[in-house]
Amino acid sequence: MGKLGYTLKDVAERAGVSLTTVSRVINKRGYFSEKTESRIYTAMQEMNYHPNSVARSLSGKRTKLIGVILTDTRNPFNAQLLEKIESELFNREYKVILANSSDNPQKERSYIGMLQSNQVDGLITASHNTIIDDYQQLNLPVVSLDRYFGPNIPTISSDNFSGGQTAARVLLAGGAKKLLVFSGEIHDTNPTVDRTNGFMDIAKKHQLTPAIQMMPSDATVNFRKMLIHQEILKQKPDGIMATDDTTALLVLEELRMMHLRVPQDVQVVGYDGSDFIRESFPTLSTVVQPISDLAKTLVDTLIRKIEQPDLAQERQYTFPITFHRGTTTKNA
C-alpha cells in the first residue's frame, strides 16, 4: 500500500534520475530515452504517485469536485442514482466528474488515476470489479455502494439478502415450484451474490433447488435474450427472479415470444425498482431499493470524510427494501 505524501523528489530517487528529468518527462518537455521514461513511470506506478495530487494536498485547497464511478449509466437504477447524487452534491456546492467503468477493471483503474490527477476531493464508487487494492491505496476519501473495499471505506447498501428472500417468498406464495434465477456475474464484490443467496435461502427451506443462469456483464442484448430463451426451454420454470429490472424486462419479452402467459404460466420478479421502471413498466413486480436514501447517505458520508477526516464513522449502512407488486406475480 502506498503511503501518503509521496513527492516528485521521491519518484526521482526511486527511478534514479534527477528531479528535473522527472518533471520534464511528466510534462512531456524534451526528449528522453524509452528506458528513462519507463523507469520514471514504473516508479510512479509503484508509489501510486499521480501528478497534481501532492500539489493539492500541500496547498490545502479543495477543488469542490467529486469523482463518481458507475458500472453502466444506461441501467435505470444507476441513472437515477447518479441524478440523486449529482443533486445532493450540487446542493453542497460540489460538482461531479463521472466515470463509466463498464465492468472493465483496466478502464476503471485508468479512471481512478485520472480522477486523482484531476484533484477530486473524494470518490463515490459503485464498482463491480475486484480491484480492491487500487481503492485501498488512494490518497483521498472514498465511499462505496454495496461493495466492501476495506475498513477505511464506508459501505452503503440496501439489504440485498432480504431482497432476494422477498422475491422468493412472493413467487412461492403464488404457487411457484420450479424456480429460475437470472443473475449478474457472481463474485464477492457484486450485490448479486447476496440477492441470489437470499433467494436460495427461502427456496431451500421449502425443499426447492432453483436453477441459476449467470448473465455476463459484457454480453449484448441479443446474447442475453438467447441465454434467457435457452434456459426457459431447458428448465421450464413457473417462477423467475431476475437480479435487475432490465433483465426482467428481457425475460418478459422472451416469455411473450414463447406464448407463455404471465403470471398464469410463469411468474416474474425483477430487482431495483427505479422510478423509470415503476412508471414505465408498472406491471412488473419488483424489489425496490431506496435510491434517494442511498444517494443522500453516500454524499453525506463522503462529505464528512472530506471535512472531518478524523471523525469516526460507521463502516456499514444498510437500508431496508420494499416490494412493488405488479401483475407479473400472483396474489397470495
Helical contribution to [θ] at 222 nm, DSSP H n ≥ 4, -39,500 (n - 2.57), averaged over the chain, rounded to 500: -14000 deg cm²/dmol
Pair Glu307, Ala219: separation of 7 Å Cα→Cβ label points (nm): 4.5
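Place the peptides 13-26, 304-317 in order of packing, highest mean first, counting for every residue the other Cβ atoms within 10 Å and averaging per peptide.
Result, highest mean Cβ count within 10 Å first: 13-26, 304-317.
Could you state the per residue volume, in Å³, of the convex hull enclosing the Cα atoms of the stretch 8-49?
Numbers: hull volume 2.4 nm³, N = 42.
It is 56 Å³ per residue.
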Set of lysines near Lys64 by C-alpha distance (under 23 Å), chain-local residues within fewer than 8 positions excluded: Lys84, Lys95, Lys296, Lys305
Rg(Cα) / (2.2 N^0.38 Å) computed for the stretch 238-332, rounded to two decimals: 1.45
Net charge, Leu89 excluded, C-beta distance under 12 Å - Lys, Arg +1, Asp, Glu -1: -1
Share, in percent, of DSSP beta bridges within the chain that are antiparallel, nearest 5: 10
Rounded to 10°, Cα long-axis angle of helix 76-91 versus longest principal axis of the chain: 50
Extension reserve of the His324-Lys107 stretch, reckoned as 0.36 nm per residue once the Cα distance is removed: 74.6 nm
Hz values of 3J(HN,Hα) by residue in the stretch 277-289 - Karplus curve (6.51, -1.76, 1.60), Gly and Pro given as x: 5, 5, 8, 8, 10, x, 6, 6, 6, 8, 6, 10, 8
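By the scheme Lys and Arg +1, Asp and Glu -1, what is the net charge of all other residues having a beta-carbon under 14 Å from that of Ser38? The partial results should precede the final answer.
Working: positive: Arg14, Lys35, Arg39; negative: Glu34, Glu37, Glu46.
Net charge around Ser38: 0.
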Phi to ³J(HN,Hα) by Karplus 6.51 cos²θ - 1.76 cosθ + 1.60 over the stretch 141-151, Hz, x for Gly, Pro: x, 9, 10, 10, 8, 6, 9, 8, 10, x, x
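Subtracting the Cα-Cα distance from 0.36 nm times the residue separation, let me have the gained length for Lys234 to Ala211 in nm, one decimal. Display every interim value, and only then the final one.
On the way: separation 23, 0.36 × 23 = 8.28 nm, distance 1.01 nm.
Gain on stretching Lys234 to Ala211: 7.3 nm.
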Principal-axis tilt of helix 160-173 within the chain, Cα atoms, nearest 10 degrees: 10
Amide H contacts under 5 Å for Leu284, placed H, 5+ residues apart: Thr327
Inter-probe distance in nm under a simple model that places probes 7 Å from Cα toward Cβ, at Glu83 and Ser292: 1.3
Distance in nm between pseudo-label sites at Glu34 and Asp265 (7 Å out along the Cβ direction from Cα): 6.2
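Given the Cα atoms of the chain, and with Rh set as the inverse mean 1/r over their pairs in the Kirkwood sense, what is Rg to Rh to two decimals? Intermediate results must be reported in sequence, preceding the final value.
Numbers: Rg = 23.3 Å, Rh = 21.8 Å.
Rg divided by Rh gives 1.07.
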Lysine pair number, Cα distance threshold 17 Å (strictly under), the stretch 160-290, separation 8 or more or different chains: 10
Under-5 Å amide H pairs with Gln267, H placed in peptide plane, nonlocal only: Gly239, Ile240
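Every number here is computed from the coordinates shown, using simple stated rules; none is lab data. The structure presented is a predicted model; accordingly, all values stated were derived computationally and were not measured. Cβ atoms come from the backbone with ideal geometry, glycine included; neighbour counts cover every protein chain shown.
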